[in-house]
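Beneath this line is the structure, given in structure tokens, with notes to follow.
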Amino acid sequence: MTIVRYDPFRDLRTLQEEVNRLFSTNLTRGFGEEGIGAGAWNPSVDIYENKDHIVLEAELPGMKREDFELSVENNVITLRGERQFEKRDDSDNYHRVERSYGSFTRSFTLPQTVSADGATAEYRNGVLRVTLPKREETKARRIEIAGEATPTSAKTIEAKTETGEKSKAAGSQ
């Protein structure tokens, strides 16, 4: 008979490994195409930026303005709401429901270059569009550099922002 050293944490480690394995796999694979995962719904969101603004566009089809809310707190913009299933008539017998319904919350951390002051939002044709202005100190600007020889031999340098917009140096001598 061999002596086996007792490990009081062995069962706990085994449980942790099983839980990690459970959450590391995709739940919808285990329940098939029409399984439990089909009820989860999050609106699709596009976020892009231009020279002066960062724009967030969220698709909220079939929702009314009263069904969702938008807030900015601690440089995090949060969109939350609920799309409810509306059965039109009690005599309706649905054979298949593919559209997702339920509560949702989407949160995005805003870069430090954005100011929540002056933000605008509009909801039209099922699309919410939020425009957030960039801070003035982070926008690209031109700096004139005068030469020592003559005041007409100025050199222009275009500063670049933190977001990596192109920088350009041009000189006239």
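The values are calculated or read from the model by the stated rules, or taken from the named source; none is laboratory data. Please read these numbers as outputs of a predicted model, since none were measured by experiment. Heads up, the Cβs are rebuilt from the backbone with ideal geometry, glycines too, and the neighbour counts pull from every protein chain shown.
Quick notes on this structure:
- Scanning region 74-114 for residues that are modelled with pLDDT of 80 or more, assigned to a loop (DSSP other than H, G, I, E, B) and of a type in the set (S, T, N, Q) yields a total of 7.
- Within region 23-58, the residues that satisfy the criterion of being in a loop (DSSP other than H, G, I, E, B), at pLDDT below 90, within 23 Å of Y101 (Cβ to Cβ) and among the polar types (S, T, N, Q) are N26, N42.
- Residues of region 60-91 that are among the acidic types (D, E) and farther than 11 Å from Y123 by Cβ: E69, E73, E82, E86, D89, D90.
- From the options T150, T161, residue that is surrounded by 14 or more Cβ atoms within 10 Å (Cβ to Cβ) and modelled with pLDDT under 75: T161
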